[in-house]
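Q: Take a look at the following structure, please.
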């Protein structure tokens with residue numbers, strides 16, 4: 001059904017005249033008449049009759065009118081659902097406990113008027129594809145991992161270099177150390193069961209292990225962060241990498257320690273990715289906020305893989 005014709009029909013029903021409806025629609029009276037004639041032909045019924053006073057609805061016109069109004073309301077809702085600025089800005093944060101989720105929470109506090117739809121996609125390939133295809137407006141990724149190139153039309157900007165901390169239990173060798181260097185981790189087991197091969201974080205930790213010599217152990221099923229922390233708390237030899245920006249809570253009797261890693265500090269590189277032709281005003285606001293509030297590392301040397309520099 002031609003919605004332009006439906007709109008003309010409703011306008012005539014409201015105005016009671018072809019001429020006034022034409023003025024309201026910024027059309028000629030002839031154009032309005034043609035639309036009504038086409039609509040009546042499509043439906044196979046007469047909707048309006050001309051009278052000395054203007055136009056009256058036929059019985060079929062009266063039956064159609066409430067449905068015609070509903071069609072126009074549905075059209076407006078459909079347009080609003082995809083109109084830039086009217087729909088929620090959809091952002092992939094990698095993980096809901098990740099530091100990137102915290103960046104978006106900070107953005108929401110600064111811009112509560114911008115509606116957000118938060119998702120967590122697995123792996124850079126899926127995330128970049130979602131941005132390219134318009135399934136999400138933006139994602140956070142380590143964009144330049146080996147063997148990957150951003151598709152044309154997708155831009156990226158660095159928004160966070162996330163310092164890593166060594167998480168150990170109370171009986172670990174480094175439990176009482178004020179800090180450790182990456183070189184001191186050589187030969188130590190860093191247990192990361194979620195370090196899935198082929199992901200950007202796996203590429204990052206492979207480079208870290210090759211540079212400084214720790215063993216990144218991804219053996220065993222990934223039962224989640226709670227099970228990981230339970231195991232670390234009870235082990236005198238296992239450790240893992242966490243960040244102070246990751247919001248985690250563990251039982252007090254775990255007595256876990258987050259030991260700074262210095263000289264250099266390994267940092268995980270997060271960038272925001274988006275399509276350059278995406279007109280959503282919330283996207284520009286998010287990008288500007290992240291760039292303006294990007295944390296600056298001012299103390300000491302940092303390390304990240306060559307592909308992320």
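Every read-out reported here was derived from the displayed coordinates using simple, explicitly stated rules and does not represent laboratory data. Since this is a predicted model, take the numbers as computed values, not measurements. With ideal geometry, Cβ positions are generated from the backbone for all residues, glycine too; neighbour counts draw on all protein chains shown.
Q: Based on the alpha-carbon gyration tensor of region 81-138 and its eigenvalue square roots a ≥ b ≥ c, which shape applies: rounded if a/c is under 1.5, prolate if not and a/b is larger than b/c, or oblate?
A: Oblate.
Q: Roughly how tilted is helix 3-15, in degrees to the nearest 10 and between 0 and 90, from the longest Cα axis of the chain?
A: It works out to around 50 degrees.
Q: Rounded to the nearest 5, what % of the DSSP beta bridges within the chain are antiparallel ones?
A: 65 percent
Q: Same structure, new question: How many angstrom lie between the C-alpha centres of region 178-225 and region 13-90?
A: With region 178-225 and region 13-90 each reduced to a Cα centre, they are spaced 65 Å.
Q: Ok, one more. Restricting the count to DSSP beta bridges whose residues both fall in region 165-260, what percent are antiparallel, rounded to a multiple of 5?
A: 65 percent
Q: For helix 29-43, report the angle its Cα long axis makes with the longest principal axis of the Cα atoms of the chain; keep it between 0 and 90° and round to the nearest 10°.
A: 80 degrees
Q: Would you order 41, 304, 4 from fewest to most other beta-carbon atoms within 10 Å of each residue's own beta-carbon?
A: With the fewest neighbours first, 41, 304, 4 line up as 41, 4, 304.
Q: What percentage of all Cα-Cα pairs in the chain are separated by more than 34 Å?
A: That fraction is 46 percent.
Q: On a 0 to 90° scale, report how tilted helix 281-292 is relative to the longest principal axis of the chain, with both axes built from alpha carbons and the result rounded to the nearest 10.
A: The helix 281-292 is inclined about 20 degrees to the chain.
Q: Using a/c under 1.5 as the rounded threshold, could you call region 165-260 rounded, prolate or oblate? The axes a ≥ b ≥ c are square roots of the C-alpha gyration tensor eigenvalues, and prolate needs a/b larger than b/c, oblate otherwise.
A: oblate
Q: Sort 303, 274 so the one with the fewest other Cβ atoms within 10 Å of its own Cβ comes first.
A: Fewest to most other Cβ atoms nearby, the residues stand as 303, 274.
Q: Along each of its three principal axes, how wide is the spread of alpha-carbon positions in region 54-115, in whole angstrom units, largest first?
A: That gives 64, 21, 13 Å along the principal axes, largest extent first.
Q: If we count other beta carbons within 10 Å of each Cβ, what is the order of 1, 192, fewest first?
A: So the residues, fewest neighbours to most, are 1, 192.
Q: Could you give the spread of the C-alpha atoms of region 1-125 along their three principal axes, from largest to smallest, in whole angstroms?
A: Here the spans come out as 71, 28, 22 Å, largest first.
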